[in-house]
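Quick notes on the structure that follows.
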Amino acid sequence: MTAYVLGHKIPDSDSICAALALAHLKNAIGEPAVAVRQGELNPETAYILDKFGLEAPVLKTQFADESVYLVDHSDRAQSPDDLDKATVLGIVDHHKLGDITTSAPLECWIRPVGCTNTIIKEMFEYYGVEIPRNIAGIMMSAILSDTVIFKSPTCTELDIKAVKQLAEIAGVGDYEQFGIEMFKVKSDVQGTPVRELVLRDFKDFDMSGRTVGIGQLETVDLSVFDTIKEKLLADIETLRVEGNRHSVCLLLTDIMNEGSELLVASDAPAFIEEAFGVTLKDGKAWLPGVLSRKKQVVPPLEKRFA
Ligand SMILES: [Mn+2]
C-alpha cells in the first residue's frame, strides 16, 4: 500500500521539500510513497522547485483509511482534519513534540535541529541511499530557509554540515548567495493581497485551550511593509474574530538586521506584552534578535498562557 508523505497545513519550503525527499528515500528502500501537500505553495517554495526542476506534490487533504508519514510537525492543529481515520506510519520533525498519538507503533525521527531536511539527510545516510542532485538542491534550500541562512538560533552544526554536503551534490557553488536570492523572492510582497501575506506562513497553536495564530513574514528589507502595515494590523484583527482566536500575532522579520517587528491583535494584549516583556504601541513592538517563531516566540507565549 502506498503511503502519503505530508507536511503541515499552509506548507512552507521545509514541509514541501521534506515530503519530496522522504518520499524519494522511502521508494528507494522499497516502501512505496507519494509526497502530497495540504495547501498552496508559497513563492519561495515555487522558486526552489523551479530552480531544481521538480514538480510540486499534488494537493491532498483527506486521508481516511490511508497510511501517512508526517514531516515538519506533530501537532493535530497542523495535521489533516481526518488524521484520526488514517494510520500514522511515522513522523520526521524538528519541532517540540505535539499532541498526535497513534494506536500502533510508529517510526519516529525527531531531533532538535534547524530543519526537517537535516534529519532526512541523516536518514539517507542511515539507509545508504544516494541523494539525487535535484533532491539535494531542494533539501539544501529548505535548510537555508528554515535556519535563515544559519542566522536563526535554531541552527545547529549539523544543519551547516548538511548544507555544505548537499550544495556539493547539487552543484551549487555559493550557497549563501543562493540563500540571499531565495530570501529576496520571499521578500517580494508587492501586489500580493494582504490576507495572502498574513496567511503565507501562518500556524495556529493551542495554548491551554485558547487558539493563538502566529504568522511570520521574513524579508531582507523591512521597509517593504511600510505602506501596508496598517492594513496588516487590521487584517489580523479580522482573522482573529473570524477564527474565534484569542490572539493573532504577525512577525515581520528582518533577516539582515536580525529582529522582528511584532504586530498584535488580541483579546488581552497584556498577555502578549508580558510574554515578551515589551509595551505595544498601536499594536506593534520591536523584538530585537527574534528570528525564530519556534524557539523565540511560541515558548514565551505558551509560558504566559499556561
Ligand atoms: Mn521546518
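Here are the numbers for this structure:
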| read-out | value |
| --- | --- |
| Which listed pairs, of LYS26/LYS60; LYS60/LYS203; LYS60/LYS231; LYS96/LYS203; LYS51/LYS121; LYS60/LYS85, have C-alpha distances above 25 Å, in listed order | LYS60/LYS231 |
| Taking ASP84, ASP99 and counting other C-beta atoms within 10 Å, the order from fewest to most | ASP99, ASP84 |
| Cα long-axis angle, helix 229-242 against the chain (0 to 90 degrees, to the nearest 10) | 80 degrees |
| Alpha carbon convex hull of the chain, projected area averaged over orientations, nm² | 14.9 nm² |
| Cα gyration tensor of region 194-305 - equivalent ellipsoid semi-axes, whole Å, descending | 19, 16, 13 |
| Size of electric dipole in region 3-184: Cβ of Lys, Arg +1 and of Asp, Glu -1, about Cα centre, debye, nearest 20 | 140 debye |
| Loop-resident sites, region 26-122, for trypsin sites (Lys or Arg not before Pro), counting at most 15 other Cβ within 10 Å (DSSP) | LYS96 |
| Ranking of ILE272, ILE16 by count of other Cβ atoms within 10 Å, fewest first | ILE272, ILE16 |
| Order of SER67, SER15, SER187 under a 10 Å beta carbon neighbour criterion, fewest first | SER67, SER187, SER15 |
| Spacing of the two label points (7 Å from each Cα toward its C-beta) at GLU274 and ARG210, in nm | 0.9 nm |
| In degrees, nearest ten, helix 116-127 long axis to first principal axis of the chain (Cα) | 20 degrees |
| Helix 175-187 vs. the chain, principal-axis angle (Cα, 0 to 90°, nearest 10) | 50 degrees |
| Long-range Cα-Cα pairs in region 160-201 (distance over 15 Å), rounded percent | 55 percent |
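The numbers here are math on the coordinates, done by the rules we state, and not lab data. Only a predicted model underlies this, so the values are computations on that prediction, with no experimental measurement involved. Note that each Cβ is placed from the backbone with ideal geometry, even for glycine, and that neighbours are counted across all protein chains shown.
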